[in-house]
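The values are calculated or read from the model by the stated rules, or taken from the named source; none is laboratory data. Note that the structure is predicted; figures quoted are calculated from it, not measured. Virtual Cβ from ideal backbone geometry, glycine too; neighbours counted across all protein chains shown. Keep in mind that these areas ignore ligands, DNA and RNA; they rest on the heavy atoms of the full protein, side chains included. Shrake-Rupley method; radii C 1.70, N 1.55, O 1.52, S 1.80 Å.
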Amino acid sequence: MKKPSQNPQPPQWATRFLRWYCRPRLLEDLEGDLYEYFLRNVRDKGARRARFIYMIDVFKFLRPYTLRKIEFITFLTHFMMIGSYLKTSRRSLVRNKLFSFINIIGLAVSMSVGLLVISIVNDLRSYDDFHEKKDRMYRVITRHEGAGQSPMNLASTSVRIGQRLKENVPGVEDFTLIRTGFSGDAQIGKNTFPLEAVWADRSFFKVFTFPLVAGDPRTALKEPFSLVITEKTAERLFGKSNPLGQTVRFDTLDYQVTGVAKEAPALSHLHFDALISFASADATMGKKDNWFYAWNSVWSNYVYLTIPKGGSPANVQRALDRINAEENKGVEHLKVNVSLQPMKEIALGKDLSNNIGPETEPVTLWILGGLALVIILSACFNYTNLSVARSLRRSREVGVRKIIGAHRSHVLGQFMAESVMIAFLALLFSFGLYLWLRKEFFALDPHIAKIFTLELSFRSVLYFIALAAFTGLLAGFLPAVFFSKINAMSVMKDAGGLKIFRHIGLRKALIVVQYTLSLIFIATTAVGYSQYKGFLNFDLGFNTENILNIKLRGADATVLRDELAAIPEVKQLSRSSMVTSVGSMFGDHTKYLPGDSALVWMNAVDEHYLPIHQHQLLAGTNFTTRPEKGKETEVIVNQQLLKRFNIADRDPRKALGKILTVGKQKLTIVGVLKDFHYGTMENKIEPVMFRYSGSEPWGYLNLQIASNDLTATMEKIADAWKRFDKVHPLKATFYDDQIEEAYSQFSVMVKAIGLLAFLAICIASLGLFGMVVFTTETKLKEISIRKVLGASEPGLVYLLCRGFLTLLGIAALIALPATYFLFDKLLLTRFVYHQPIGLPELLGGALLVMLLAVVMIGSQTAKAARSNPAKVLKSE
Amino acid sequence: MKGTNLGEFEELVLLTIAALGREAYSVAICDELERYTGRSAKLGVVHAVLNRLEEKGLAKSQLGDASATRGGKRKRYYEVSHAGKVALTRAKELRESIWRNIPGFNLEGSL
C-alpha cells in the first residue's frame, strides 16, 4: 500500500455518504467523475484543497434527481419479518435469563427517573393551562433601578399602571389589578377566624378563568367592601349555611359576601382563600395615602391583561414604553420600567422577586434532564456491553439471515426493534418503580406537594412511551450496527473467527464511565450530607438547645408570659423581635462618626435574651434600664461593629460608653459581645447590635425548656396559648428545628442526589456483574487448563479480577478529584463558613462501591476457579 | 410543448456531445464546453442537464470500460439520439429563419 502523502485519496466518509444517498444507476460514473476532478485538483491546488472541494461537491450533488428512491420492498420485508424478529427476540430473552434480567431491570430503574423528570417538566408546563385565554394573557412586570442600587426585576408593579391602562391603551382587551397581603381576623357573629385574602378588581373574573359557584362574576368585585370566598373558606366560616349576602367584620369594617368561587386548580400560580374588591383597598388605603398610587410603589400589586385574538403584545409594549417614559419624569433618582410577561412563563421562566407561586428557571430543568439522561445512558451502556459481549451466540442467526437474503438494513432493523421491545417491557416495570419514586419525591419536602401534582395526563403518557422508544434506540444502536456488519460467510464457516474481544476497549471505557458517574454521585451524597450536618451543628456563638420560640400574633404578650413562666418546666423566658441564624435579617442605618453610615443588623430583645442564649459578653453588662419603646438609650454590639466603625481601636473595654446614632436616636454602648452568626452560613459575620425592647407584639417569646416529658410540657404551653389567643393556632418551634428548616433546601438536594447515587450504583453494579459472569464463562476452559497446569485458586481469582479492578481504580481516580473540585470550586463557594471536605466522606462511599464490586467479581471468579477442570475439559 | 423544448444550455450540451463523437462523457463535455464558451462549466450543472436530456429522450448513454484514472470506475458515454438530432436541427432552422428576416442595416445601425 502506498503512503497517503504520495497518493492522496478523497475523504472516505464523503464517498460513503455519496454512496448512501445516490441512486445506484447514477452512482458509478458520478463517483468516477468526482474522482477524476479530485485528481486534477490535487495536481493543481494541492491535496488539502482538493479534499475540501470533493467534500463540497458531494454535498452539492445532493439533489432530487440523484437521491435514492426509498425502496418500498425493504420496508415491506421489515413489516413481514416483524413476527420472526419478535419470535427470535423472545427466544433469546428467555434463553439468557440473567442477561435479560440485568437489561430489563437496569433500563426500568433508569427510565423511572426519566419518567419522574418528564412528569415534573410536564407539570411545570401545564401551569395555568386552565385559563381560557391563557395564550393571550400577560402579566405586567417591573424593572426597578434606583440610583446606587442594583436593579431589581419584580413580578409586582404599581397601581398607577392600572390607572394608566384604563385610559384606553390600544391593543389591550381587559386587565385586572390585584394586591396581596390582606390579613385579618374575620368576625362572624361571635366567632373569629383568621383570614388571608387578595384584593382584586372587578374585571378579575373576565381575565382569569376562576368559575363562581354563586354570585355574579361581573359585579361580585365591583362595590367596595365586597368579599368573594372559595368553597373551602365558605365551609370554614359559615358551615352549611348559605354564605351569599352574609356580613363579615374585619376590625370595624363590614364586608359583604358577594360570591363563592371554586377552589383554584392545583396547577395555578395564583391561589387564594378569599378575594376582596379592590375598591375596598382604595377606600381604606388609597384615600389616605398618596403612596398607594405612586408610580414607584411597585411592591405588592400585580397587573394581568389579555390582548384580543390576533392582537400583538408588541403593540401593547410600545404603549407601555411610552407610559414608562412619561411616568419616570415624575420620580427622582429612580427608573421604573414595566414590560409584559406571557402567562405561560410565570411558573417556568426567569427569576423575579415578589413572585406569586412556584417559579422554576429552565436551567434547573435542563440539569434535572441531564441527570436523568446520565442514569439512562448508564443503563444503555449495560445493554450495549452485554449485547456486544454475547454477540457470539447470535452471530450464527445473523449469518443465516444474511445468507437467506437479509440486507444490512434488515439486520439493523431487527436489533433495533428488539431493543425497543425490551425497552417497552422495561417501561412496564419502570412505571411501577415510578409510582414508588413519586411517593419518595413528595416525601422529600412538604413544599413539593404544593407545587406538583405529578398526575398522569394523556400528554405525559405519550412522553413516557416516547422515552421508552428513545431509550430502546439509544441502547440498541451500537449492538445493531455491530451485528449488521457481521460477515455471513466467515461466521458460518467458523463462529470462533468472530472477534468478540475486538471491542474490548469500548466496553472497558463504558464501564469506567459508569463507575465514574456512580462514584461521583455517591461521593457527592456523602460530602453533601456531612456538610449539611456541619451546618446544623455549627457553633453559632450562642446556645440554641432546648429553646422554644413562640410566634406572637400582634397582641402584647405580658399575660401569656406570666402564665408560661408559671409552668415549672419553663426555666426562663425572653422576648425578641426575630429569630437569628435562620435566614431573616433586619437592619438599620447607623453612624458613629458623622458622615460614615452603615447598615447594621439588629435584633430587639429584653433583658433575659442574652442569658438564655448564652451570648458571651466580652465587656460591659446586659441592659440595665427598662425603657418604653422608642426611648431606649442602650445598645449592645458585637466585635465586628467595633471593627467596622473602628471604635476605640477595637478594644471592647474602651468602647463602653461610646455613642452610636441609629436613625435619630443616640444609643450608648453598654456591652460588647463576642462575634456570633446572625445570618446563615452563606453570610459573613457582620456588624450586629441588640437594642432593648420590653414588648414585641409581632415578635417571639423564647422559652428555655427543661423537661423530662416533652409532650406534657407542650400541652401545658398549648393550653396557656389557647387561653391567651382563641383565634390563632399556636406556632411554637424549637430553635434547632428552625435552623434545620433554614437548610432544608440543602437536605432535599442531598436526599435527591443520594437517591440518584443509589440508582446509578445499582445499574453500574448490574452491568459489571453481567460482564464478570460473561468473562468467567468464556474463560472457563482457559481457567481449567491453567488449573491442570498447576495454577493456584487465589492466583486464578487474581488473574480474573485484575482487569476489572484496574477499571474501578481508574474510575475512582477520575471521580474523587472531580467531586472534590465540584464542591471546593463550585458548590461550597456560596457558603462563607463550612466544614473542610473530609477525606473519610470522599473515600467512604467509593470504598463501599468498590467493596460491592469486589464481592461480586470475587464470588464469580472464585466459583470459576473452584470448578473441577476435569469436568469442564471433558465436555468437549 | 414542454418536454421536447430545448433550452439554450441544453442545446449547447447536446451540440458538444455531437461534436465529441465517441469521447462524450461528463468530464470531457465540461472541458469542451469551457473551451467553446470561455466560461467555466460546473460538473454539477452539466450532470443535471445530461440527466434531463436523457429523460427527455434527446440523448442516450451507456457505460464504457473501467480505467485506472477514475479509481476503477467506468465512464458513462453519451450520444445524441434520433429525437435529439431532430430537436437540434429544428432549433437551428428556427434561428436561421429568424435571421433571414432581419434586414442587414438593422443590426449594423445599433453598433
Open item on the list: Can you give me the accessible area per residue for the protein assembly as shown, using a 1.4 Å probe, in Å²?
Closed with: 51
TODO: Report relative contact order for chain A in percent, whole number only (criteria: Cα-Cα under 8 Å, sequence separation at least 6).
DONE: 13
Open item on the list: Per 0.36 nm of contour for each residue apart, how much would the distance between A:E440 and A:K45 grow if the chain were fully extended, relative to their Cα-Cα spacing?
Closed with: 135.6 nm
TODO: Report, to the nearest whole %, how much of the accessible area of the protein assembly as shown belongs to carbon and sulfur atoms, 1.4 Å probe, protein only.
DONE: 58
TODO: Assign one of three labels to the range A:223-279, namely rounded, prolate or oblate, based on the Cα gyration tensor with a ≥ b ≥ c the square roots of its eigenvalues; rounded applies when a/c is under 1.5, prolate when it is not and a/b is larger than b/c, and oblate otherwise.
DONE: oblate
Task: Candidate lysines - alpha carbon under 16 Å from A:K134, same-chain residues fewer than 8 apart omitted - done: A:K206, A:K309, A:K344
Task: Percent of C-alpha pairs per 10 Å bin, the range A:700-822, short to long - done: 9, 21, 17, 13, 12, 12, 10, 6, 2, 0
Task: Assigned charges on the beta-carbon of Lys, Arg, Asp, Glu; the protein assembly as shown dipole about Cα centre (debye) - done: 5180
TODO: Based solely on C-alpha atoms, express the radius of gyration and the Dmax of the range A:336-419 in angstrom.
DONE: 24.6, 77
Open item on the list: Give me the extension gain from A:R95 to A:D539: residue separation times 0.36 nm, minus the current Cα-Cα distance, reported in nm with one decimal.
Closed with: 153.7 nm
- [ ] Convert each backbone phi in the range A:187-200 into a coupling constant with the Karplus relation 6.51 cos²θ - 1.76 cosθ + 1.60 (shift: θ = phi - 60°), then list the ³J(HN,Hα) values in order as whole Hz, x for Gly and Pro.
- [x] 9, 10, x, 9, 8, 10, 10, x, 9, 10, 9, 10, 7, 9
Task: Options A:L813, A:G694, A:W721, ranked by Cα towards positive dipole end of chain A, top entry (Cβ charges) - done: A:L813
TODO: Indicate the gyration tensor shape class of chain B (rounded, prolate or oblate), computed on the Cα atoms with a ≥ b ≥ c the square roots of the eigenvalues: a/c under 1.5 is rounded; otherwise a/b larger than b/c is prolate and the rest oblate.
DONE: prolate
Open item on the list: What's the longest uninterrupted piece of chain A once you rule out the chymotrypsin sites (Phe, Trp or Tyr not before Pro) that are loop residues per DSSP with at most 11 other Cβ within 10 Å?
Closed with: A:1-500
TODO: Calculate how steeply helix A:391-404 sits against the longest principal axis of the alpha-carbon atoms of chain A, using the helix alpha-carbon long axis, and give the answer as 0 to 90 degrees to the nearest 10.
DONE: 60
Open item on the list: Going through the cross-link list A:K591/A:K684; A:K508/A:K781; A:K60/A:K402; A:K97/A:K493; A:K166/A:K287, which pairs have a Cα-Cα distance over 26 Å in this structure?
Closed with: A:K60/A:K402; A:K97/A:K493
- [ ] May I ask for the angle, rounded to the nearest 10°, between helix A:97-125 and the longest principal axis of chain A, with both axes built from Cα atoms and the value confined to 0 to 90°?
- [x] 40
Task: Euclidean distance of C-alpha centroids, the range A:680-698 and the range A:110-133, integer Å - done: 42
Open item on the list: Over the Cα atoms of the protein assembly as shown, what radius of gyration and what Dmax do you get, in Å?
Closed with: 40.8, 131
- [ ] Work out which residues of the range B:39-78 lose at minimum 50 square angstrom of accessible surface when the other protein chains are put back, relative to the chain isolated, with a 1.4 angstrom probe, and list them by number.
- [x] B:L43, B:H47, B:N51, B:R70, B:K73, B:R76
Task: Proximal lysines relative to B:K60, as straight alpha-carbon distance under 23 Å, when same-chain residues fewer than 8 apart are discounted - done: A:K69, B:K2, B:K42, B:K73, B:K75, B:K85, B:K92
Task: Hull volume in cubic angstrom per residue (convex hull over the Cα atoms of the range A:134-345) - done: 130
Open item on the list: Quick check: the distance between the Cα centres of the range A:287-302 and the range A:753-795, to the nearest angstrom?
Closed with: 72
Task: Extension gain, A:W13 back to A:Q572 (0.36 nm per residue minus Cα-Cα distance, nm) - done: 193.0 nm
TODO: Determine the calculated [θ] at 222 nm for chain A from helices alone, applying -39500 (n - 2.57) to every DSSP H run no shorter than 4 residues and normalising by the residue count; nearest 500 deg cm²/dmol.
DONE: -16500 deg cm²/dmol
Open item on the list: Need the list of aspartates and glutamates near A:K779 for cross-linking: C-alpha distance under 20 angstrom, and skip anything on the same chain fewer than eight residues off.
Closed with: A:D494, A:E793, A:E876
Open item on the list: With angles folded into 0 to 90 degrees, how steeply does helix A:47-60 sit against the dominant principal axis of chain A? Use alpha carbons for both and round to 10.
Closed with: 80
Open item on the list: Quick test of the membrane-span-like rule: which DSSP H helices of chain B reach at least 20 Å along their long axis (C-alpha atoms) with mean Kyte hydropathy at least -1.0?
Closed with: B:82-100
Task: Alpha carbon centroid spacing (whole Å) that separates the range A:149-193 from the range A:578-622 - done: 36
Open item on the list: Rounded to the nearest 100 Å², what is the buried accessible area between A and B, both sides summed, probe 1.4 Å?
Closed with: 1800
Open item on the list: Placing unit charges on C-beta atoms (Lys and Arg positive, Asp and Glu negative, everything else neutral), compute the dipole magnitude of chain B about its Cα centre in debye, rounded to 20.
Closed with: 360
Task: Cα gyration tensor category, rounded, prolate or oblate, for the range A:251-331 with a/c compared to 1.5 - done: oblate
